[in-house]
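Chemist: First, the structure itself, so that you have it in front of you.
The values are calculated or read from the model by the stated rules, or taken from the named source; none is laboratory data. Since the model is a prediction, treat every value here as computed from it, not as a measurement. Neighbour counts run over all protein chains shown; Cβ positions are idealised from the backbone, glycine included.
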Amino acid sequence: MKKDITMRKATFVKGAFITTLGIILSKILGIIYVIPFHAMIGEKGGALYGYAYTIYAVFMSLATAGIPLAISKVVSEYQTLGYYQTKKRVFYLGKKFSLILGLVCFLVVLLFAPYLAKFVLGDVVGGNTLEDVTFVIRVIGTAILIVPVLSVYRGYFEGHRFMSPPSISQVLEQIVRVLIIIIGCFLALNVFHASLTISVSIALMGATVGALFSYLYLFYKKKKHASKFNEKIRPVNEPLVTDKVIIKKIFMYAIPFILIDVFKAIYNYVDMVTVVKSLVHYASFEALDAEYIYSIMSTWGAKFNMMVLAISTGIIVSLIPSLTESLVKKDSVDVQNKIHQAFSMLLFFTIPLTMGISFLSKPIWNLFYGNSIYGANVLSYFIFVGFFIGFFTSMIIILQTLKDNKSVLISLVVGVLFKVLLNMNLMKAFYQMGLPPYYGFITASIIGYFISSIICIIVLNRKYGILFEDMVRDFIDIMIATIIMVFCLFIIKYIIPIYSTSRIINLFIVLLYGVIGMVIYFSYGKVSGLTKRVLGRDFYRTLKRIIIHK
């Protein structure tokens with residue numbers, strides 16, 4: 001009988017690889033579609049799309065309430081203890097809670113959309129109208145009815161270390177979403193000659209329909225493989241755990257995740273209400289130019305940040321159930337090893353990727369969006385925001401797993417305060433120094449996330465005895481490998497042009513430089529022993545087994 005390869009339990013490294021691969025594939029799809037999408041809706045449409053998604057992100061943070069990671073953690077805990085009936089009730093109570101919360105958030109978005117739109121635009125004129133922004137906010141709000149329940153299913157699978165189905169569901173969700181965006185926008189603009197607002201709204205509906213398809217897939221997989229979720233590792237006399245205790249545990253685990261999502265959304269929200277207004281009023285930008293710069297940060301450039309974040313997300317999702325199991329077993333050595341391995345893996349993949357995108361920002365931007373006055377310039381610096389978000393989020397998740405919610409809150413609040421205080425001040429300072437003023441907004445975000453990360457490192461070291469000596473050693477080797485890679489690419493730039501006005505040629509340039517960079521980086525990693533230390537002695541063999549499912 002043929003085994004279902006999508007329902008196998010995964011170890012930490014294997015789970016991290018599977019999850020990360022699924023997220024990266026979904027993000028690649030999310031990047032590819034922007035080429036025709038940008039060509040169809042332009043900068044003004046991109047800003048409108050960004051307004052809606054920023055508002056959506058805030059309410060989605062509240063609606064999902066950290067449910068997927070909280071469910072994953074609670075399920076993993078009860079599974080390790082052998083509380084199988086309690087584990088099932090976690091799932092059903094999580095669904096009920098998410099349904100209610102999603103409905104409430106949807107109604108708030110629906111009713112208060114005009115006020116949210118007014119707060120976004122203020123008195124800026126010449127770009128999108130108040131009615132346009134109100135309409136798109138209401139459209140994207142429909143996704144809030146589905147995504148919370150979907151997140152419960154993903155958390156339940158991940159809590160059992162079944163990493164493949166959630167990863168496949170993400171790819172499926174993105175495929176459906178992309179098809180609706182491209183086909184829907186094309187038909188609206190070129191066949192039905194609809195307005196830009198209607199076309200952007202159709203694209204935004206892709207989030208709702210994609211989430212629905214993803215939910216139906218996981219619903220089918222859970223029903224089909226019910227026996228796998230009911231497998232008992234060891235017989236125990238399971239105590240009675242009340243619904244009140246379960247809900248309290250989910251809620252307590254979810255609070256930090258809520259805070260993480262909300263505070264990350266606040267960073268975007270601060271930019272949303274300050275970037276356009278500040279560039280217009282204090283830096284003498286035209287409204288359309290200011291909206292274009294904001295659209296780069298919120299929509300177009302953010303797509304590449306998602307590639308960097310995909311890696312950290314994959315590692316985090318796999319780390320939580322694995323780390324929870326070690327904590328329940330009180331295996332402090334294994335906790336230390338898993339934290340070290342998670343951070344080293346994160347740095348190993350994200351540092352060279354971030355530097356590579358920054359170095360190739362000009363051909364990458366032209367490849368996806370065509371020639372632009374601001375695009376490549378913004379992307380070359382903005383990509384570092386993605387790196388710092390990923391590192392900071394990993395720190396916060398580990399602290400939360402250790403149940404230190406107080407330190408989580410302190411680091412989040414301090415980071416956001418620096419962002420709020422520095423955002424406009426740095427913009428003005430950069431402008432007065434003759435530097436691009438929009439670099440001020442980006443720098444404020446980097447400083448905020450960096451300071452939050454430093455607070456987390458100090459707490460993990462002093463309060464929990466987590467040692468970072470091995471991670472520092474890996475970090476130094478990673479930086480050496482990355483510097484060598486960038487230096488070699490810089491030399492090659494004088495032999496092989498790094499930019500062309502042709503999109504096709506830029507595609508080959510990006511691929512060529514990317515392959516050369518990877519070869520240089522991984523060659524140093526192999527010679528120095530970095531790859532073996534970070535990914536394990538049998539990484540390449542494990543990778544082969546994962547790919548061919550053996």
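Chemist: Yes or no: region 334-357 includes at least one residue that is outside any helix (DSSP H, G or I) and small (G, A, S).
Modeler: Initially, region 334-357 is screened for residues outside any helix (DSSP H, G or I), giving none.
Scanning region 334-357 turns up no residue that is outside any helix (DSSP H, G or I) and small (G, A, S).
Chemist: Let me ask another. Going by what's in this entry, would M424 be described as more than 30 Å from P36 (Cβ to Cβ), crowded, with 18+ Cβ neighbours inside 10 Å and in contact with a Ser or Thr (Cβ under 7 Å, 6 or more places away or on another chain)?
Modeler: So M424 fits the description; yes.
Chemist: May I pose another question? Looking at L103, L130, L110 in this structure, which one is surrounded by fewer than 16 Cβ atoms within 10 Å (Cβ to Cβ), at pLDDT 90 or above and either under 22 Å from A290 (Cα atoms) or in contact with a Lys or Arg (Cβ under 8 Å, 6 or more places away or on another chain) (or both)?
Modeler: When all the criteria are applied, what remains is L110.
Chemist: A follow-up question, please. If I ask for residues that are in contact (Cβ under 8 Å) with a residue 60 or more places away in the chain and either hydroxyl-bearing (S, T, Y) or touching a strand residue (DSSP E or B) at 6+ places or on another chain (Cβ under 7 Å) (or both), which ones from region 342-371 would you list?
Modeler: Within region 342-371, S344, Y369 meet the criteria.
Chemist: Here's a follow-up. Just to check your reading of the model, which residue among L467, L435 is surrounded by fewer than 15 Cβ atoms within 10 Å (Cβ to Cβ), touching a residue at least 40 places away in the same chain (Cβ under 8 Å) and either part of a loop (DSSP other than H, G, I, E, B) or within 22 Å of the chain's Cα centre (by Cα) (or both)?
Modeler: Unique residue meeting the criteria: L467.
Chemist: Filter region 226-263 down to the residues that are in contact with a Leu (Cβ under 9 Å, 6 or more places away or on another chain) and of a type in the set (D, E, K, R), then identify the one that is surrounded by the most Cβ atoms within 10 Å (Cβ to Cβ).
Modeler: Once the filter is applied, the top-ranked residue is D261.
Chemist: Within region 484-508, which residues are loosely packed, with under 12 Cβ neighbours inside 10 Å and in a helix (DSSP H, G or I)?
Modeler: Listed by number, the residues that qualify are F487, F490, I491, I504.
Chemist: So which residues in region 150-189 are among the hydroxyl-bearing types (S, T, Y) and more than 17 Å from the chain's Cα centre (by Cα), if there are any at all? Outline the logic, then answer.
Modeler: Quick first cut of region 150-189, residues among the hydroxyl-bearing types (S, T, Y) only: 151, 153, 156, 164, 167, 169.
Passing the criteria: Y153, Y156, S164.
Chemist: Residues that are polar (S, T, N, Q), surrounded by fewer than 24 Cβ atoms within 10 Å (Cβ to Cβ) and not in a helix (DSSP H, G or I): does region 395-415 have at least one?
Modeler: No.
Chemist: Then there's this: Residues of region 329-355 being of a type in the set (G, A, S) and out of contact with any Leu (no Cβ under 8 Å at 6 or more places or on another chain), which ones?
Modeler: Matches in region 329-355: S332, S344.
Residue by residue, here is whether (1) over 20 Å from I137 (Cα atoms); (2) buried (at least 21 other Cβ atoms within 10 Å of the Cβ); (3) of a type outside the set (D, E, K, R); (4) touching a helix residue (DSSP H, G or I) at 6+ places or on another chain (Cβ under 9 Å) holds:
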position	(1), (2), (3), (4)
P165	yes, yes, yes, yes
E173	yes, yes, no, yes
R177	no, yes, no, yes
I180	no, no, yes, yes
C185	no, yes, yes, yes
S195	no, no, yes, yes
S201	no, yes, yes, yes
V209	no, no, yes, yes
K223	yes, no, no, no
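Chemist: Kindly indicate whether any position in region 21-30 is among the charged types (D, E, K, R) and modelled with pLDDT under 75.
Modeler: Yes.
Chemist: A further question on this structure: Scanning for something within 30 Å of S278 (Cβ to Cβ) and touching a Ser or Thr at 6+ places or on another chain (Cβ under 9 Å), does region 476-485 turn up at least one residue? So that I can check it myself, show each step before the final result.
Modeler: So in region 476-485, the residues within 30 Å of S278 (Cβ to Cβ) come out as none.
No, region 476-485 contains no residue that is within 30 Å of S278 (Cβ to Cβ) and touching a Ser or Thr at 6+ places or on another chain (Cβ under 9 Å).
Chemist: If we scan region 256-271, do we find a residue that is in contact (Cβ under 8 Å) with a residue 60 or more places away in the chain, within 18 Å of K96 (Cα to Cα) and under 29 Å from the mean Cα position of the chain (by Cα)?
Modeler: Within region 256-271, one or more residues are in contact (Cβ under 8 Å) with a residue 60 or more places away in the chain, within 18 Å of K96 (Cα to Cα) and under 29 Å from the mean Cα position of the chain (by Cα).
Chemist: Then there is this: Please find, among F392, F418, the residue that is under 19 Å from I458 (Cα atoms), crowded, with 24+ Cβ neighbours inside 10 Å and among the aromatic types (F, W, Y).
Modeler: F392
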